[in-house]
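Q: I'd like to ask some things about the structure below.
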Amino acid sequence: MSARAVLDVSALPTAEHGRRALVWLGQVWMLVIEGTMFALAFASYFYLRATADVWPPANVELPGLAIPTVMLALFLATIVPTRISSRAADEEDAPRLVRSMVVLSVLELVAVALWWVYLSRLGFRWYDYAYGSAVWLLLGIHTFHLVVSTAETVVLTTLAARGPVTRGHYLATKIDGMYWYWVIGWFIAIYLVVDLLPRV
Amino acid sequence: MTAVPTAVPTSHEEELDRARRLEAAWGSPHGLVGALRTVDHKAIGRRYVLTALTFFAIGGVLATLMRLQLRQPGAHVLSAEQYNQIFTMHGSTMMFLFAVPVMEGMMIYLVPLLVGTRNVAFPRLNAFGYFIYVLGGIFFYVAFLLHAGPDVGWFAYTPLSLSRFSPGKGPDVWAQLITFTELSALVVAVEIVVTIARQRTVGMTPQRMPIFVWASLVTAVMIIFAMPAIMLSSSMLIMDRLVNTHFFDVAQGGSALLWQHLFWFFGHPEVYIIFIPAMGMVSEIVETFSGRPIVGRPAVIASLAATGTLGFGLWVHHMFATTVPPVGGSFFTATSILISIPTGVQIFCWIATLWTGRPRVTVPLLFVAAFIVVFVIGGLSGVMIASVPLDLQLHDTFFIVAHFHYVLIGGGVLPLFGGLYYWIPKATGRLLSERAGRWHFWLWLIGFNVVFFPMHFLGLAGMPRRVYTYQPDTGWGPLNLLASSGVLLVIAGAVVFVVALLRSRTHGAAAGDDPWRAPSLEWGTSSPPPSYNYLDLPTVRSAVPRWTAHADQPVIAGVRDDVREVLVTRFADAQPDHRARLAGPSIWPFVLAITTTVGFIWSIFDPWGVPIGLILCAPPLIAWFWPWTRERDPRRAPLASEAAA
Ligand code: HEM
């Protein structure tokens with residue numbers, strides 16, 4: 001037998017479910033990538049706007065403000081259950097987590113439905129001039145993330161409601177919440193650029 | 001927490017026992033299906049490198065065909081259309097299927113070893129990234145063989161690439177190849193960043209990170225910000241062609257220039273994405289073979305970071321400050337002047353290290369020397385075209401072809417070969433023949449210059465690039481023949497390398513753990529490393545840990561050896577934070593890669609491919625994350641409170 005110096009880490013916690021988890025950091029970088037994509041789509045919008053003579057083109061009917069404004073309020077309202085669920089995850093409070101996730105799922109599904117109505121009522125399509133292309137590019141990216149994020153919330157809610165709620169659920173809830181905040185942030189940008197800006 | 005080192009008794013039996021348990025936890029499954037399921041970063045890194053080298057060879061065959069065609073005026077090896085396709089395929093293959101993936105493969109193989117951990121942070125994502133890359137490459141070549149290859153150049157400028165001017169499927173195939181390779185690059189980038197940020201072993205603070213790890217970090221961050229641009233723009237191109245959007249269609253209010261902006265937002269950093277890991281390899285090689293810590297370590301690191309930032313900074317500056325297209329003269333002038341500063345700093349540090357050390361001249365170091373020579377020539381021709389009047393004269397001539405091959409081969413491929421000769425013994429356990437390496441080196445150094453140096457004069461004489469033939473009275477014949485004959489030397493060098501690699505498998509001398517007396521951690525484990533990388537996870541106390549290790553340098557204990565557990569450390573001070581469980585082998589990344597491929601290819605023909613692809617991807621995605629083994633995974637196990645209930 002010989003002896004050697006060791007640094008014993010066996011007392012360290014396993015399976016972090018907060019910001020220190022590897023997956024959390026991975027998700028942050030994924031959102032940086034998606035955010036760069038979104039930002040470049042906005043940059044393309046402004047580039048085309050700057051090179052166009054008239055923007056939006058004269059014959060284009062602007063989207064109505066009612067639905068997007070309702071959606072904005074709805075999105076802002078979802079911040080409450082999102083915060084509650086991620087607080088519940090921190091405190092490992094399973095019943096509160098499930099309750100807030102159910103509320104969140106319902107609100108997100110309503111948002112998807114409203115968004116669908118908004119898209120189908122839009123008076124122009126992607127093939128209507130570069131304006132249509134640029135706007136629908138933004139709407140398309142938003143649609144993708146809205147649907148994926150909602151699906152994620154619904155699946156997580158179902159799994160958590162079936163129980164038992166595990167550390168994996170807590171971590172996933174927090175990550176899902178972060179994603180959802182991100183979706184809200186970009187929706188606000190779309191609201192400003194697509195819905196408000198052409199009117200001022 | 002900061003753990004206090006303690007001394008514990010060890011014995012040979014105990015070590016054997018631990019090795020057995022670790023192998024059971026970390027070993028890869030066997031057989032063909034096992035190969036598809038493996039998540040070992042070494043297996044995946046090796047695959048990346050071998051696949052990329054295969055594409056390098058294919059790109060080389062295409063280059064040979066072009067040089068055969070251009071060897072004399074009016075040759076008939078290739079028609080004009082074939083020539084267009086082949087230079088597009090060659091450029092796209094070299095950039096997207098060889099140069100970037102080969103660097104990714106080196107990072108995937110080396111980074112976990114160099115930072116002293118057992119796998120990358122997201123092992124299944126890693127497997128997925130490889131399958132996406134190789135399926136994209138296969139798809140690209142199947143399309144080419146079915147006569148649907150692109151012929152619009154490797155940057156597919158609009159409006160040429162719009163359906164009005166390119167009615168076939170070529171540009172769609174090209175755009176989708178981009179989607180494949182950039183998706184895989186992004187996946188690699190995320191896991192490299194997270195692995196470097198949180199899985200460095202105890203004591204490896206950012207200041208002590210090996211330079212190659214720094215280079216990998218800079219590269220990964222560049223990929224994260226650059227690649228979305230090309231994914232977005234290639235999707236916009238496909239949409240213009242497929243569903244009648246008008247992003248690039250001037251008649252409908254679009255802008256052809258938008259394509260160039262988006263493309264170069266990616267394209268300019270792309271060159272550094274190839275170049276920066278290569279610089280990292282050079283630093284490692286120089287340090288090892290001069291037998292002393294690199295001179296000016298902070299300056300070298302700062303230069304890598306500065307190069308990475310300038311790759312974007314200048315572009316952004318350009319975009320907001322002017323309205324001229326990205327090929328504007330002032331832009332290039334500024335770039336080449338600024339970018340040459342950090343590169344110059346690094347070259348200075350390498351020379352100072354060699355000068356003050358005791359250099360041992362080995363094949364890896366020879367390739368470094370070749371790199372410096374070739375790269376300086378490339379830099380000089382770069383300074384020449386940086387001046388606006390010369391650029392106007394030389395634009396789109398063979399002078400440019402010569403210049404960017406000097407930069408890409410000099411700055412990327414030669415250091416890569418140095419790195420391969422340096423690290424292959426670690427990966428295979430066998431040394432490569434030193435004599436073969438020297439033949440390879442001389443054949444390439446001479447052959448490369450014979451091929452590309454005359455192209456400078458051809459360019460000055462006015463020979464345009466991308467032409468499939470020329471008239472005898474131009475007088476370009478002799479220099480072209482010279483350039484083409486050099487290809488024989490380059491091919492001979494490549495053959496020597498392949499033979500040396502194959503022979504080393506059976507006849508090579510055993511490498512041992514550390515054939516080079518190198519300073520970094522990976523040389524402390526066996527060659528090839530075991531599935532779990534390190535029996536005893538090392539800790540470090542300097543930037544050259546193996547040169548400064550004390551007898552009482554502690555190893556890490558208390559990381560479980562019966563499951564895939566790794567130690568997570570804090571970013572800034574590299575002290576232990578927690579233990580985390582990594583994912584094990586799974587078939588679902590492969591299945592997901594297949595369904596993703598179906599979606600990507602379908603969407604070339606029919607916009608419904610996008611939603612259908614998404615729906616197809618859902619089941620494997622769910623299966624991937626499904627908690628199959630609930631009881632064995634503490635992340636998924638019920639909490640203590642519930643277990644008690
Ligand atoms: C030693 C082997 C190589 C030879 C003999 C070779 C030769 C050539 C030739 C003849 C052309 C076409 C010139 C023209 O007609 O415009 C070309 C283009 C090109 N090559 Fe290479 N090449 C080699 C290696 C590489 C490598 C290693 C890379 C990148 C890492 C590369 C990247 C490119 C690119 C990007 C183009 C431009 C394609 C386009 O115009 O769209 N080549 N090469």
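The values are calculated or read from the model by the stated rules, or taken from the named source; none is laboratory data. Keep in mind the model is a prediction, meaning the values are calculated, not measured. All Cβ positions, glycine included, derive from the backbone under ideal geometry; neighbour counts span all protein chains shown.
Q: Which residue, of A:V54, A:V98, A:V103, A:V110, is out of contact with any Asp or Glu (no Cβ under 9 Å at 6 or more places or on another chain), surrounded by fewer than 17 Cβ atoms within 10 Å (Cβ to Cβ) and at pLDDT 90 or above?
A: A:V110
Q: Which condition breaks for B:F98 when tested against (1) within 16 Å of the ligand (Cβ to nearest atom); (2) outside any helix (DSSP H, G or I); (3) modelled with pLDDT of 95 or more?
A: Only one criterion is unmet by B:F98, namely (2).
Q: May I ask you to list the residues in region B:259-287 that are among the β-branched types (V, I, T) and over 28 Å from B:W516 (Cβ atoms)?
A: Within region B:259-287, B:V271 is the sole residue that qualifies.
Q: Among the residues that make up region B:115-123, is at least one of them modelled with pLDDT of 95 or more, under 18 Å from the mean Cα position of the chain (by Cα) and within 16 Å of the ligand (Cβ to nearest atom)?
A: no
Q: Just give me the residues in region B:451-464 being surrounded by fewer than 23 Cβ atoms within 10 Å (Cβ to Cβ) and within 27 Å of the chain's Cα centre (by Cα), in sequence order.
A: If the condition is that a residue be surrounded by fewer than 23 Cβ atoms within 10 Å (Cβ to Cβ) and within 27 Å of the chain's Cα centre (by Cα), then B:F453 is the only one that fits.
Q: Oh, and also: For a quick check of your reading of the model, give me the residue pairs whose first member lies in region B:57-79 and is free of Cβ contacts under 8 Å to residues at least 60 places away in the same chain, whose second is outside any helix (DSSP H, G or I) and within 11 Å of the ligand (Cβ to nearest atom), with beta-carbon atoms closer than 9 Å and at least 6 apart or on different chains.
A: B:L65/B:L78; B:M66/B:L78; B:M66/B:Y468; B:H76/B:T469; B:V77/B:R71
Q: Specify which of the listed residues (B:A572, B:A583) is farther than 20 Å from B:P530 by Cα and either among the hydrophobic types (A, V, I, L, M, F, W, C) or within 10 Å of chain A (Cβ to nearest Cβ) (or both).
A: Testing whether each residue is farther than 20 Å from B:P530 by Cα and either among the hydrophobic types (A, V, I, L, M, F, W, C) or within 10 Å of chain A (Cβ to nearest Cβ) (or both) leaves just B:A572.
Q: Condition first: surrounded by fewer than 22 Cβ atoms within 10 Å (Cβ to Cβ), in a helix (DSSP H, G or I) and either within 27 Å of the chain's Cα centre (by Cα) or not aromatic (F, W, Y) (or both). Now tell me which residues in region B:524-550 satisfy that.
A: B:G524, B:R546, B:T548
Q: Identify, from the list B:I285, B:I276, the residue that is touching a residue at least 12 places away in the same chain (Cβ under 8 Å), within 30 Å of B:I178 (Cβ to Cβ) and either more than 14 Å from chain A (Cβ to nearest Cβ) or part of a helix (DSSP H, G or I) (or both).
A: B:I276
Residue-by-condition table, conditions (1) closer than 22 Å to B:V77 by Cα; (2) without any contact (Cβ under 8 Å) to a residue 60 or more places away in the chain:
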{"position": "B:P454", "(1), (2)": "yes, yes"}
{"position": "B:L458", "(1), (2)": "yes, no"}
{"position": "B:T474", "(1), (2)": "yes, no"}
{"position": "B:V555", "(1), (2)": "no, yes"}
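Q: Something else about it: State whether the residues of region B:34-45 include one that is surrounded by fewer than 19 Cβ atoms within 10 Å (Cβ to Cβ) and within 16 Å of the ligand (Cβ to nearest atom).
A: No; the residues of region B:34-45 include none that is surrounded by fewer than 19 Cβ atoms within 10 Å (Cβ to Cβ) and within 16 Å of the ligand (Cβ to nearest atom).
Q: Specify the residue that is farthest from the chain's Cα centre (by Cα); the eligible residues are those in region B:71-95 that are among the aliphatic types (A, V, I, L, M) and near the ligand (Cβ under 8 Å from one of its atoms).
A: The selected residue is B:M94.
Q: Now for a different question. Just one of A:V165, A:V183 is over 22 Å from the mean Cα position of the chain (by Cα), in contact (Cβ under 8 Å) with a residue 40 or more places away in the chain and under 30 Å from B:A580 (Cβ atoms); which is it?
A: Result: A:V165 is the single residue among A:V165, A:V183 that is over 22 Å from the mean Cα position of the chain (by Cα), in contact (Cβ under 8 Å) with a residue 40 or more places away in the chain and under 30 Å from B:A580 (Cβ atoms).
Q: Could I ask something else about it? Please specify each residue of region B:350-390 satisfying the condition of being at pLDDT below 80, assigned to a helix (DSSP H, G or I) and of a type in the set (G, A, S).
A: B:G378, B:G379, B:S381, B:G382, B:A386, listed by residue number.
Q: Specify which of the listed residues (B:G475, B:G429) is of a type outside the set (A, V, I, L, M), more than 14 Å from chain A (Cβ to nearest Cβ) and either under 27 Å from the mean Cα position of the chain (by Cα) or within 16 Å of the ligand (Cβ to nearest atom) (or both).
A: Only one candidate passes the filter, namely B:G429.
Q: On the given criteria, is B:T88 in contact with an Asp or Glu (Cβ under 6 Å, 6 or more places away or on another chain), of a type in the set (S, T, Y) and touching a residue at least 12 places away in the same chain (Cβ under 8 Å)?
A: Taking the combined requirement at face value, the residue satisfies it.
Q: Condition test on B:T506, is it away from chain A (no Cβ under 14 Å), within 16 Å of the ligand (Cβ to nearest atom) and over 12 Å from B:V450 (Cβ atoms)?
A: In short, no.
Q: Mind telling me which of the residues B:A483, B:A494, B:A402, B:A436 ends up being within 30 Å of the chain's Cα centre (by Cα), closer than 22 Å to B:L97 by Cβ and part of a helix (DSSP H, G or I)?
A: B:A494
Q: State the number of residues belonging to region B:408-426 that are over 23 Å from B:V499 (Cβ atoms) and either more than 9 Å from the ligand (Cβ to nearest atom) or in a loop (DSSP other than H, G, I, E, B) (or both).
A: Residues that pass the stated criteria total 2.
Q: If you don't mind, there's one more thing I want to ask. For region B:76-99, name all the residues that are of a type in the set (V, I, T) and touching a Gly at 6+ places or on another chain (Cβ under 9 Å).
A: B:I86, B:T88, B:T93
Q: Of the residues in region A:14-29, how many are facing chain B (nearest Cβ under 7 Å) and modelled with pLDDT under 85?
A: Selection size over region A:14-29: 4.
Q: Quick check on region B:124-131. Is at least one of its residues crowded, with 19+ Cβ neighbours inside 10 Å, among the hydroxyl-bearing types (S, T, Y) and within 16 Å of the ligand (Cβ to nearest atom)?
A: No, the conditions are met nowhere in region B:124-131.
Q: Now for a separate question. If you go through region B:226-241 one residue at a time, do you hit one that is away from the ligand (no atom under 16 Å from the Cβ), within 12 Å of chain A (Cβ to nearest Cβ) and not in a helix (DSSP H, G or I)?
A: No, because not a single residue in region B:226-241 is away from the ligand (no atom under 16 Å from the Cβ), within 12 Å of chain A (Cβ to nearest Cβ) and not in a helix (DSSP H, G or I).
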